[in-house]
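Reviewing the structure listed below.
The values are calculated or read from the model by the stated rules, or taken from the named source; none is laboratory data. Model, not experiment: these values are computed from the prediction. Note: ideal-geometry Cβ built from the backbone for every residue, glycine included; neighbour counts use all protein chains shown. Heavy atoms of the whole protein, side chains included, go into the accessibility calculation; ligands, DNA and RNA do not. Shrake-Rupley method; radii C 1.70, N 1.55, O 1.52, S 1.80 Å.
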Amino acid sequence: MNNLIKTLAIVATGALLVTSAFAQSAASLVVPIENEPAPKLFVEPPLPGPLASGVAFIPYRVENLRIQPVGGPAATKVSPRVGHLHITVDDLPWAWADYGQSDTIILVNMPRGEHKVLIEVVDPEGGVLTAQTVTFKSPGRK
């Protein structure tokens, strides 16, 4: 019985040391959020092939922010920084939140005419960090 207790104590101590070392190494990867570079958003025009059929594939890339399905005040302090997208089409009074990390916004059945898509990178509470607008003409559905 004594040997079993000693063995369990040694295993527990080893697990504690490994966990502590891992936590310290992980903590060294975290930068205080106020020292992180600002998020950047890069948006390209819709791909011409699908657009010819009234489908807008709008490629985008975000740097210095991870798109994650998290929200609330505590999430604004997460490092590396997290957030999501708000997307508004044609100045409509509503938008949708995108947590998809797909790097492409897809709009189907776009009617004929000029369209404007506002893409906002927002923090977990919806505060806008950066934004870009892309405009394009759709030939309509075929």
Item to check | Stretch gain in nm, segment GLN132-VAL78, where the contour uses 0.36 nm per residue and the Cα spacing is subtracted | outcome: 17.0 nm
Checklist entry - Quick one: length gained pulling ASP103 to LYS116 fully straight, 0.36 nm per residue minus the C-alpha distance? => result 2.9 nm
Checklist entry - ³J(HN,Hα) across region 131-138 via Karplus (A = 6.51, B = -1.76, C = 1.60, θ = phi - 60°), whole Hz, x for Gly/Pro? => result 7, 9, 10, 10, 10, 7, 10, 9
Checklist entry - Karplus couplings for region 59-75 from phi (6.51 cos²θ - 1.76 cosθ + 1.60, θ = phi - 60°), rounded to Hz, Gly and Pro as x? => result x, 8, 9, 10, 10, 6, 7, 9, 7, 9, x, 10, x, x, x, 5, 5
Next on the checklist: I'd like the accessible area for ARG61, computed on protein heavy atoms only with a 1.4 Å probe and all protein chains in place. Round to 10 Å², please.
Outcome noted: 110 Å²
Next on the checklist: Which residues among region 75-90 fall inside the zone where the amide N is under 15 Å from a point 7 Å beyond the Cα of GLU36, along Cα→Cβ?
Outcome noted: 75-85
Checklist entry - For GLU63 and ASP91, what is the calculated FRET efficiency with R₀ set at 22 Å and r taken between the beta-carbons, to the nearest 0.05? => result 0.25
Checklist entry - When the Karplus curve 6.51 cos²θ - 1.76 cosθ + 1.60 is applied with θ = phi - 60°, which whole-Hz ³J(HN,Hα) does each residue of region 33-46 get, with x for Gly and Pro? => result 4, 5, 9, 6, x, 5, x, 10, 10, 10, 10, 9, x, x
Checklist entry - How do ARG81, ARG66 rank by accessible surface area computed with a 1.4 Å probe, from largest to smallest? => result ARG66, ARG81
